[in-house]
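First the structure, in the form of structure tokens, and then the observations on it.
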Amino acid sequence: MRTSLSESSAAQKAVPAAKTETNSVVALVGSPNSGKTTLFNWLTGARFKTVNYPGSTVDYSVGRTQARYGEAIAVMDTPGTYSLDPKSPDEEVTFKAIFDHKEFGTARLVVSVVDATLLGRQLYITRQLLESGFRVVLAVTMSDLLSESGRKIDRESLSRYLGIPVVLIDGRLGGGINELVEVIRAELSRSSDDVREVRPVRWDDAKVESELKKLDLIASQVLVSDTPSVAPKTFLLVRERTKKWDRILLHPVAGLVIFFAVMSALFGSIFWLAAPVMDWVDQALSWLAEAVVNAVPEGLLAQFLSDGVIASVAAVAVFIPQIFILFVGINLLEDSGYLARAATLIDRPLSLVGLGGRSFVPILSGYACAVPAMLSARSINSRRERWLTLFILPLMSCSARLPVYALLLTFVFFDGASWAAGFTLAAIYLGTIVLGAIAASLAGRFLQLEDRSFFMLELPVYRMPRLKVVLRQALTRTMNYVKRAGPAIFTFALIVWVATTFPNYDLEDKTERLDSSYAAQVGKYIEPVFEPMGGDWRTGVGLISAFAAREVFVSSLAVLMQVTDEDEDSLQASLIEKMRDAKAPNGMPLFTTASVVGLILYFMIALQCLSTVTVAAKEAGSWRFAIVQLVVFNIVAYALAVGVVQGLRALGIA
Amino acid sequence: MSTTTTLADLPPETTKTIANLAGDPVLVARLRELGFIVGADVKVVGRAPFGEPVLVEIRGSTVALRKAEARCVHL
């Protein structure tokens, strides 16, 4: 919990200060799935910034109301919470953000967002907000779901019962937003004499029960028939639809089959939809590099721009399509209501290795990139589960490993059938799930931290996701990822360029230049380390450069293997040819089935991403955690790679 | 201990009224926030594969609970 807010302060500085006498904001507060984020989107349009880091449910945004609603009001979205009694790091974020935000202080006004179909229960936090002394406006969302069942909310009565203004919002069409802004404005301009001191309430059990009972009664009284002559349905149609769907989607057999189908579709789209886009990005940047080389006089500057800067930008840019598609997928699942079911289905299996259903979204995100995955782990309420989830996330085969696997598998199956490579790739991905389970079980034994774990997840009603909101959120999250991980990847890529170019940068021959570079000097010095896993200094330099970003291994290897631009074939084909010809110091082939299998294993396990290390340190609240993680995964990866290479050789497989 | 059953033992599709909540205070507090209060009706509507979590209908919404959590709800 201590970690959640400390890092947000830097990000918040980027947010334009509200032009009010104080710097404070209007905060939107509500239960998960109350429609808060949709409301925020309607209010702010594109005028918002996500502060904190991207993640499935834990990012929160600060924005300004759209121009069409008149003078701008600063609005803050907060992570969903059931009460003002936080039980997980993301709920803690909401609690601190409204009571004592580092930059905005106490919220000027709170818009309590409640789902019309769950009025009785969700009004609970409204009551807590009121008793804490906040000025509160109630926004009732999803009121459109009541009318199909012949019901509506009697807002005058509700307003009278609670003593605050009530606005009904139609989340689909954005009805009621105009009115909400006017009500907020009126409330803000009210004289501040009656503003009480704001301070968190602590309710005992008896008070909680009596409040909830009272709210139930209020909810039943304000939920009225929308046409007096017709009796309303005794149930809500949307709930009935949801129950029907759940009978299939949560079915012990069918539910699991659908779960695997949905996940396969998501993974499939991450790889296959993103692949052509990644090629375009790659081609565009190669074209740009070429254009720079032609435009700038030959020399260090041209080298710096094309091989250094543009190649480093490319290292960041090629991931963007995959990450974006992953976020679109997760947002679609989340907004439709399925994500909560997926977490429910997988809770039991994950519990067996010390994780839980809430670890599911982080693990899923981990297959794109560990950085956003670690941030989304904040919604895990048990510190123990959260810690274990953070620990195993680097094992999930992130998208940076894909180009490496692609190269190495193409090498192994060069003459074989193409399905064999695809099959092996699938096996690698399934293998990482097994590795993650083993790692979680083992780490759990050493972990002294004990914390209660609970699941208790409310299953929202199924709704058609709004594509526009989904796409825009995915875009925001992707941009946040780029801002977050981009500079680190870019910097390390530049460092690797410097190390492989200097001191003899003016040598005409790229190979000689590299051969005498700092990187090569270091690589040759530590060559004995890589020998047992079937490598030489070039493999070593490639592996070291992969600390910039794993896929840099491929481009470094291309330079190290003297793949030249003049080659007619594609980069990969000529690289593979060079790999076949490469000789180890003892004259034997350098890349063999054994050594490549060793490399694949190494990449599956090793934690090579320094951005991940810094995020892990922050999220776990401990550098010791991050360093232990870094050391353990690299040593285990190395030891297993050496063991497998030597084992295969002993079996006669070179 | 009393002989009352808990939500964890409630057969599917049977509706019962909550008599008491007992157990870890944080679990109980969260259960209350989700609508599990004395006097409210609960019904088990299903179970996830592998037997857990239990799917419970409470005051119009569906909540997924682990067995350990359902055991805090006495009927």
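The values are calculated or read from the model by the stated rules, or taken from the named source; none is laboratory data. What you see is a predicted model; the values in this text were computed from it and never measured. FYI the Cβ positions are ideal-geometry reconstructions off the backbone, even for glycines, and counts take in every protein chain you see. Side chains are part of the model used for accessible areas, which takes the heavy atoms of the whole protein and leaves out ligands, DNA and RNA. Shrake-Rupley method; radii C 1.70, N 1.55, O 1.52, S 1.80 Å.
Here's a check for you: in region A:67-94, which residue that is out of contact with any Leu (no Cβ under 6 Å at 6 or more places or on another chain) and among the hydrophobic types (A, V, I, L, M, F, W, C) is farthest from A:Lys207 (Cα to Cα)?
Of region A:67-94, the ones out of contact with any Leu (no Cβ under 6 Å at 6 or more places or on another chain) are A:67-74, A:76, A:78-94.
If we keep only those that are among the hydrophobic types (A, V, I, L, M, F, W, C) too, we end up with A:67, A:72-74, A:76, A:84, A:93.
On the way: A:Ala67: 43, A:Ala72: 39, A:Ile73: 35, A:Ala74: 34, A:Met76: 30, A:Leu84: 14, A:Val93: 25 Å.
Filtering first and then ranking leaves A:Ala67.
Screening A:Leu130, A:Leu123, A:Leu118 for residues that are farther than 20 Å from A:Glu240 by Cβ and open to solvent by less than 20 Å² (accessible area, probe 1.4 Å) leaves exactly one candidate, A:Leu123.
Of all residues in region A:641-654, which are without any contact (Cβ under 8 Å) to a residue 24 or more places away in the chain and either outside any helix (DSSP H, G or I) or within 20 Å of A:Ile438 (Cβ to Cβ) (or both)?
Within region A:641-654, A:Gly643, A:Gly647, A:Leu651, A:Gly652 qualify.
Would you mind stating whether A:Ser351 is open to solvent by 20 Å² or more (accessible area, probe 1.4 Å), within 17 Å of A:Gly621 (Cα to Cα) and either out of contact with any Leu (no Cβ under 8 Å at 6 or more places or on another chain) or within 14 Å of chain B (Cβ to nearest Cβ) (or both)? I'd like the intermediate steps shown before the answer.
Working: open to solvent by 20 Å² or more (accessible area, probe 1.4 Å): yes; within 17 Å of A:Gly621 (Cα to Cα): no; either out of contact with any Leu (no Cβ under 8 Å at 6 or more places or on another chain) or within 14 Å of chain B (Cβ to nearest Cβ) (or both): yes.
Against the criterion (open to solvent by 20 Å² or more (accessible area, probe 1.4 Å), within 17 Å of A:Gly621 (Cα to Cα) and either out of contact with any Leu (no Cβ under 8 Å at 6 or more places or on another chain) or within 14 Å of chain B (Cβ to nearest Cβ) (or both)), A:Ser351 does not qualify.
Checked against the criterion of being out of contact with any Gly (no Cβ under 8 Å at 6 or more places or on another chain) and modelled with pLDDT of 85 or more, the candidates A:Leu168, A:Leu237, A:Leu162 yield just one match: A:Leu162.
For region A:468-511, which positions are under 18 Å from A:Thr612 (Cβ atoms) and open to solvent by 50 Å² or more (accessible area, probe 1.4 Å)? Give the derivation first.
Of the residues in region A:468-511, the ones under 18 Å from A:Thr612 (Cβ atoms) are A:477-478, A:480-493, A:495-496.
Residues satisfying the conditions are A:Lys483, A:Arg484, A:Pro487, A:Phe490, A:Thr491, A:Phe492, A:Ile495.
Within region A:590-640, the residues that satisfy the criterion of being outside any helix (DSSP H, G or I), of a type in the set (A, V, I, L, M, F, W, C) and under 22 Å from the mean Cα position of the chain (by Cα) are A:Ala606, A:Leu607, A:Cys609. Within region A:154-163, the set of residues being assigned to a loop (DSSP other than H, G, I, E, B) and closer than 28 Å to A:Phe99 by Cα comprises just one member, A:Gly163. Taking into account only those residues within region A:240-279 that are within 18 Å of A:Leu459 (Cα to Cα) and open to solvent by 60 Å² or more (accessible area, probe 1.4 Å), which is modelled with the lowest pLDDT? Checking each candidate, the answer is A:Glu240. Kindly establish whether A:Ala340 is free of Cβ contacts under 8 Å to residues at least 40 places away in the same chain and either out of contact with any His (no Cβ under 9 Å at 6 or more places or on another chain) or among the aromatic types (Phe, Trp, Tyr) (or both). In short, no.
Quick check, is A:Val313 of a type in the set (Val, Ile, Thr) and more than 13 Å from the chain's Cα centre (by Cα)? Yes; evaluated as a whole, the condition is true for this residue. For the condition more than 14 Å from chain B (Cβ to nearest Cβ), part of a helix (DSSP H, G or I) and either crowded, with 22+ Cβ neighbours inside 10 Å or free of Cβ contacts under 8 Å to residues at least 60 places away in the same chain (or both), A:Leu430 qualifies. Pairs meeting the criteria (first residue in region A:304-321 and within 12 Å of A:Ala284 (Cα to Cα) and part of a helix (DSSP H, G or I), second residue of a type in the set (A, V, I, L, M, F, W, C) and modelled with pLDDT of 80 or more, beta carbons under 6 Å, at least 6 apart or on different chains) are A:Ile310/A:Leu285; A:Ile310/A:Leu288; A:Ile310/A:Ala289; A:Ala314/A:Leu285; A:Ala317/A:Val281.
Applying a threshold of 6 Å to beta carbon distances and a minimum spacing of six or more residues, or different chains, the list of pairs starting in region A:246-268 at a residue that is free of Cβ contacts under 8 Å to residues at least 60 places away in the same chain and ending at one that is part of a helix (DSSP H, G or I) and not aliphatic (A, V, I, L, M) reads A:Pro252/B:Pro49.
Table: residues versus (1) in contact with a Phe, Trp or Tyr (Cβ under 7 Å, 6 or more places away or on another chain); (2) part of a helix (DSSP H, G or I).
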{"site": "A:Arg452", "(1), (2)": "no, no"}
{"site": "A:Tyr462", "(1), (2)": "yes, no"}
{"site": "A:Thr478", "(1), (2)": "yes, yes"}
{"site": "A:Phe492", "(1), (2)": "yes, yes"}
{"site": "A:Trp497", "(1), (2)": "no, yes"}
{"site": "A:Leu507", "(1), (2)": "no, no"}
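Is it fair to say A:Ala620 is aliphatic (A, V, I, L, M) and surrounded by fewer than 17 Cβ atoms within 10 Å (Cβ to Cβ)? No; evaluated as a whole, the condition is false for this residue. One residue is enough: does region A:214-226 have a residue meeting the conditions more than 14 Å from chain B (Cβ to nearest Cβ), free of Cβ contacts under 8 Å to residues at least 60 places away in the same chain and part of a loop (DSSP other than H, G, I, E, B)? No. When residues in region A:439-467 are screened for being without any contact (Cβ under 8 Å) to a residue 40 or more places away in the chain and either open to solvent by 50 Å² or more (accessible area, probe 1.4 Å) or away from chain B (no Cβ under 14 Å) (or both), 5 of them pass.
Within region A:196-204, is even one residue modelled with pLDDT under 80, open to solvent by 50 Å² or more (accessible area, probe 1.4 Å) and within 12 Å of another protein chain (Cβ to nearest Cβ)?
Initial filter on region A:196-204 (modelled with pLDDT under 80): A:196-197.
Filter once more, so that each one left must be open to solvent by 50 Å² or more (accessible area, probe 1.4 Å): A:196-197.
Remaining after also requiring within 12 Å of another protein chain (Cβ to nearest Cβ): none.
So far as region A:196-204 goes, no, none of its residues is modelled with pLDDT under 80, open to solvent by 50 Å² or more (accessible area, probe 1.4 Å) and within 12 Å of another protein chain (Cβ to nearest Cβ).
The set of residues in region A:366-421 being assigned to a loop (DSSP other than H, G, I, E, B), crowded, with 21+ Cβ neighbours inside 10 Å and out of contact with any Leu (no Cβ under 7 Å at 6 or more places or on another chain) consists of A:Tyr367, A:Cys369, A:Ile380, A:Asn381, A:Ser382, A:Met396, A:Ser397, A:Cys398.
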